[in-house]
Every structure is written in structure tokens, then in C-alpha cells.
Amino acid sequence: MPTVLTPCQVPWNISASGSGVTLVHTESDVEPECTVRFLAGRLQDNNRTDIRHVEITFRKCYFARLGPHGDSEGIEAIGYRIDPPRPAGLEYIDWLRQRWRETGFCPSSRFYIAKSSDWLPTLPDFFQGDFRHYVVDGRDGYVELIAREFEWREWLLLRDEPDRAKWPLVGEGAGIG
């Protein structure tokens, strides 16, 4: 069964030009702690995206893996399919902006949940119930995770303020897909 991905409904998209995807996966006595951080953007009134730092925390994330792909390719380069398909060429930009404005969610966020997964069925029975296969697609590579759910937070990146602790928290949310 091939892996088919659909974008998670989030209001930002992972930067295709310099995402800096970072995975932190730590064991603990209760459950593994797993966080993925990257640069992203939200669509602004001038049809450009700003720069934000986003952090996704995955609950009950026992499995994570990562791999590379060329910086001019997406997750499709490793054989995954995106559904629904996106328009190609210049039509893509108009489609992206229109759908993003209509729904408030980026239709091509580069953060996906698998509608069908070739990885999840290979795991022990415990993971066949309410666990999901997530993919974070960065500029040069990707992170895949098996987890129950996720929470995200975003900070507006202030270039003139090097102390990340002073960046304003501007959004947060949660979901399973």
C-alpha cells in the first residue's frame, strides 16, 4: 500500500527556502518527548509570507525517522503521493493564495498526515488503533513520526531580537490531522 498524505489544517506553511527542520526525540519514564522545530510563514495582505518559528510537540511519539531529498523536490521524491493533488506551474500560486484566504489554513503546508501509510501497518498491534503517521517536509529533507496527536505553537521571528524568549507567541493549536 503506497503512502498517501494530506496536508494538516494549520494556518502556516513550512518554509521551502530555509526551513531548518530540527527533530528532538527524547525518552522519558512516562512517554517519549518529541518536538519538531522549523521556520514557517503565514500569508500576509501583500501576498507574501512572513517568517515565524514553529514548534510541534507530538504526543506518544514512539517512532521517528528522517531522510534527505533534493532542495528542489518535495516529499513526492521518495514515492509518497499528496492528496488532493495541487495544480502545477503558475496556477499553483493563485490556487494556494485563494484557498489559504478562503479557509484560513494553508492547503500546501508541508505538514502532512497519512491517509494511508506503508509504515504504520509494520508496527506492533498497540500502534494500530489511534496512532497516526505524520510527515514534516523541509527544504532538504523530512521527518516522519508515529504519534497520537500534536500541538503547535508559533512565534513571530524578530530579526532585531536575538533572544528567542522575547519573541511574541502569536499562535497555537492542536489536532490529530
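Figures for the structure shown
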read-out	value
Which numbered condition Gly171 misses (of (1) touching a strand residue (DSSP E or B) at 6+ places or on another chain (Cβ under 9 Å); (2) loosely packed, with under 14 Cβ neighbours inside 10 Å; (3) within 18 Å of Asp50 (Cβ to Cβ))	(2)
Scope the stretch 52-65; condition assigned to a strand (DSSP E or B) and surrounded by 15 or more Cβ atoms within 10 Å (Cβ to Cβ); matching residues	Arg52, His53, Val54, Glu55, Ile56, Thr57, Phe58, Arg59, Phe63, Ala64
Number of positions in the stretch 66-85 that are part of a loop (DSSP other than H, G, I, E, B), free of Cβ contacts under 8 Å to residues at least 24 places away in the same chain and farther than 12 Å from Leu5 by Cα	2
Some residue of the stretch 98-106 being within 14 Å of Arg139 (Cβ to Cβ), in contact (Cβ under 8 Å) with a residue 60 or more places away in the chain and small (Gly, Ala, Ser)	no
Test: Thr22 is modelled with pLDDT under 95 and either within 15 Å of the chain's Cα centre (by Cα) or within 15 Å of Arg153 (Cβ to Cβ) (or both)	yes
Residue among Arg86, Arg81, Arg153, Arg99 that is surrounded by 11 or more Cβ atoms within 10 Å (Cβ to Cβ), of a type in the set (D, E, K, R) and in contact with an Asp or Glu (Cβ under 6 Å, 6 or more places away or on another chain)	Arg153
Entirely in the stretch 1-51, the strands (runs of 3 or more DSSP E) that have 2 or more residues that are touching a residue at least 60 places away in the same chain (Cβ under 8 Å) and surrounded by 15 or more Cβ atoms within 10 Å (Cβ to Cβ)	4-7, 33-41
First in the stretch 109-122 and on the phi > 0 side of the Ramachandran plot, second anywhere and in a strand (DSSP E or B) and surrounded by 15 or more Cβ atoms within 10 Å (Cβ to Cβ), Cβ under 6 Å, 6 or more apart	Arg110/Asn13; Arg110/Ile14; Arg110/Asp137
Residue check for Arg97: basic (Lys, Arg) and in a helix (DSSP H, G or I)	yes
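The values are calculated or read from the model by the stated rules, or taken from the named source; none is laboratory data. All values derive from a computational prediction rather than experimental measurement. Every residue, glycine as well, gets a Cβ built from its backbone with ideal geometry; the counts of neighbours run over all protein chains shown.
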